[in-house]
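Just below is one structure, and these are the notes that go with it.
The values are calculated or read from the model by the stated rules, or taken from the named source; none is laboratory data. Quantities reported herein were computed from a predicted structural model and do not represent experimental measurements. Note: ideal-geometry Cβ built from the backbone for every residue, glycine included; neighbour counts use all protein chains shown.
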Amino acid sequence: MKEFDYIILGGGCAGLSLAYELEIYNKLKDKTLAIIEPREEYIRDKTWSFWKVSSHNFEDCVKKSWALFNVKNRYGKEIKHYINEYPYQAIDSGLFYKKVLNTLKKNKNISFFKNTNDINLNKSFIFNSFLNIKKFKDDKKNYWQHFLGLEIETKKKLGYWLGNNEYNTNEFTLMDFDTVPNIVKRLSEINFMYVLPIDEHKVFLETTWISKGGVPEDGFKYAPYSYQILEQLRRWSIIDNPFLGSDEEVDDRIDKLMKGEGSEKFKINYREQGAIPLFHPEYKRIKNQINIGSVGGMTRLSTGYTFLNIQEHSNYIMKNIDNISEAKIFEQNKKYLFFDKIFMKVLEKHPEKMPEIFFNIFSGFSKSIIKFLSNKSNIVEDLSIILKMPKWTFIKGLFK
Ligand SMILES: Cc1cc2nc3c(=O)[nH]c(=O)nc-3n(C[C@H](O)[C@H](O)[C@H](O)COP(=O)(O)OP(=O)(O)OC[C@H]3O[C@@H](n4cnc5c(N)ncnc54)[C@H](O)[C@@H]3O)c2cc1C
């Protein structure tokens with residue numbers, strides 16, 4: 001049985017961020033670390049985006065950043081925010097994995113394993129990011145944010161389809177509630193489009209849903225993700241209406257389009273699909289073990305943002321590593337945990353109100369909103385957001 005000073009269970013975002021932080025601050029010079037990760041190969045599988053409210057180690061993995069964004073409500077009303085101080089950054093996970101692994105592989109004290117079969121887990125301090133919860137598709141109890149994102153490349157410039165004034169590569173759409181065709185409009189599920197323009201030919205389109213487990217079924221093969229994506233392309237006139245004809249014809253057409261076939265006008269460069277748990281998995285303090293990443297409660301439940309919290313947690317562990325078994329458990333500031341708890345109760349009770357509640361959050365000052373959503377707001381900024389919420393709905397949320 002092999003023994004190590006530290007073991008990281010899960011070489012994903014949190015596990016690798018932590019290992020990298022320990023390595024660059026020389027905490028692994030005379031300590032051994034094992035990283036346990038079952039995946040066969042590291043490829044780009046996620047785009048981690050966030051407002052850069054604090055520094056991080058992965059500036060060189062940023063695919064693109066934006067200072068301007070908009071939010072659109074169900075009726076097409078739009079709010080724009082410009083904020084240079086806190087750019088919105090999108091990290092390419094492929095670049096992240098490459099950078100971190102290249103660095104870690106140079107240190108002989110760091111070893112990689114696919115499982116824990118030959119490792120003595122009892123002699124080490126363990127940082128755990130293994131998920132031990134019901135999978136998204138089987139979970140009818142908890143809320144998840146789930147999505148399908150496609151990077152689409154068009155032959156002609158996107159400005160040609162959308163009008164040069166409409167398509168601005170420097171402005172992204174955080175939430176567009178006005179893109180759902182009636183066929184999938186249901187009040188108990190919250191859904192919106194997230195649109196990141198990459199350059200004049202490339203755009204990342206993500207259909208995002210908040211619901212309890214399982215992709216909602218509509219009786220169509222690819223519904224509802226494909227409907228929202230294809231409807232967006234139809235509105236932009238990149239494709240004709242794909243939903244006309246017999247069920248078989250429609251299924252066949254959708255099947256092809258979602259694979260990037262069946263149209264000369266665009267192709268699909270990259271696809272990501274996933275689900276973020278909008279609940280914090282139960283955290284039992286175990287001696288010599290700390291949970292990190294999603295399992296460690298690093299997700300902001302009202303937004304799904306996790307990446308920067310993971311970086312802060314890694315930094316905290318690095319600073320306390322010499323006395324880690326005695327260190328206080330790192331958690332998000334209690335005021336955000338409290339707000340999000342009420343927010344999730346309101347979401348459960350009044351899903352139909354959520355698009356307007358999200359929209360209202362964005363009706364204030366850019367800086368306050370971003371700091372509030374990124375766990376960095378002061379009391380005045382907190383109040384400026386909270387006062388925009390429907391008061392009775394939230395007060396009732398306190399008691400139920
Ligand atoms: C597609 C996607 C996009 C996201 N986009 C954003 C974003 O834009 N901004 C943001 O802030 N957050 C985002 N998130 C949320 C969050 O930042 C990511 O989920 C992040 O990867 C969480 O890091 P983690 O280390 O906890 O989990 P992971 O990165 O998933 O790493 C966990 C690792 O452990 C392994 N593992 C897990 N469970 C087990 C097990 N039981 N047995 C063996 N191995 C196991 C997995 O193979 C994985 O490599 C996104 C999440 C997803 C899924």
Neighbours by Cβ (under 6 Å, 6+ apart or cross-chain): first from the stretch 292-304, within 17 Å of ILE190 (Cβ to Cβ) and free of Cβ contacts under 8 Å to residues at least 24 places away in the same chain; second among the hydrophobic types (A, V, I, L, M, F, W, C) and more than 8 Å from the ligand (Cβ to nearest atom):
none
Boolean, PHE147 is under 19 Å from ILE229 (Cα atoms), of a type outside the set (Asp, Glu), surrounded by 16 or more Cβ atoms within 10 Å (Cβ to Cβ) and touching a residue at least 12 places away in the same chain (Cβ under 8 Å)
yes
Within the stretch 293-336, tally of residues that are among the aromatic types (Phe, Trp, Tyr), within 13 Å of the ligand (Cβ to nearest atom) and in a loop (DSSP other than H, G, I, E, B):
1
Scanning for something touching a Gly at 6+ places or on another chain (Cβ under 6 Å) and of a type in the set (Gly, Ala, Ser), does the stretch 83-99 turn up at least one residue?
no
Checking LYS2 against (1) at pLDDT 95 or above; (2) more than 12 Å from the ligand (Cβ to nearest atom); (3) more than 17 Å from the chain's Cα centre (by Cα), which test does it fail?
(1)
Just to be sure before I move on: is LYS265 away from the ligand (no atom under 16 Å from the Cβ), crowded, with 17+ Cβ neighbours inside 10 Å and of a type in the set (D, E, K, R) in the structure I sent?
no
Among all residue pairs at least 6 apart or on different chains, which show Cβ distances below 6 Å where the first residue, located in the stretch 81-100, is buried (at least 18 other Cβ atoms within 10 Å of the Cβ) and the second is assigned to a strand (DSSP E or B) and of a type in the set (Phe, Trp, Tyr)?
HIS81/PHE69; TYR86/TRP51; TYR88/TRP51; TYR88/TRP66; ILE91/TRP48
Can you find a residue that is assigned to a helix (DSSP H, G or I), among the small types (Gly, Ala, Ser) and either closer than 27 Å to LEU233 by Cα or touching a residue at least 60 places away in the same chain (Cβ under 8 Å) (or both) anywhere in the stretch 265-278?
no
Among the candidates SER54, SER93, SER17, single out the residue that is in contact with a helix residue (DSSP H, G or I) (Cβ under 8 Å, 6 or more places away or on another chain), among the polar types (S, T, N, Q), more than 10 Å from the ligand (Cβ to nearest atom) and at pLDDT 95 or above.
SER54
Number of the condition not met by PRO38 [criteria: (1) within 10 Å of the ligand (Cβ to nearest atom); (2) buried (at least 16 other Cβ atoms within 10 Å of the Cβ)]
(2)
So, ASN115, is that one over 30 Å from PRO355 (Cβ atoms), exposed (fewer than 12 other Cβ atoms within 10 Å of the Cβ), in contact (Cβ under 8 Å) with a residue 24 or more places away in the chain and out of contact with any Gly (no Cβ under 7 Å at 6 or more places or on another chain) or not?
yes
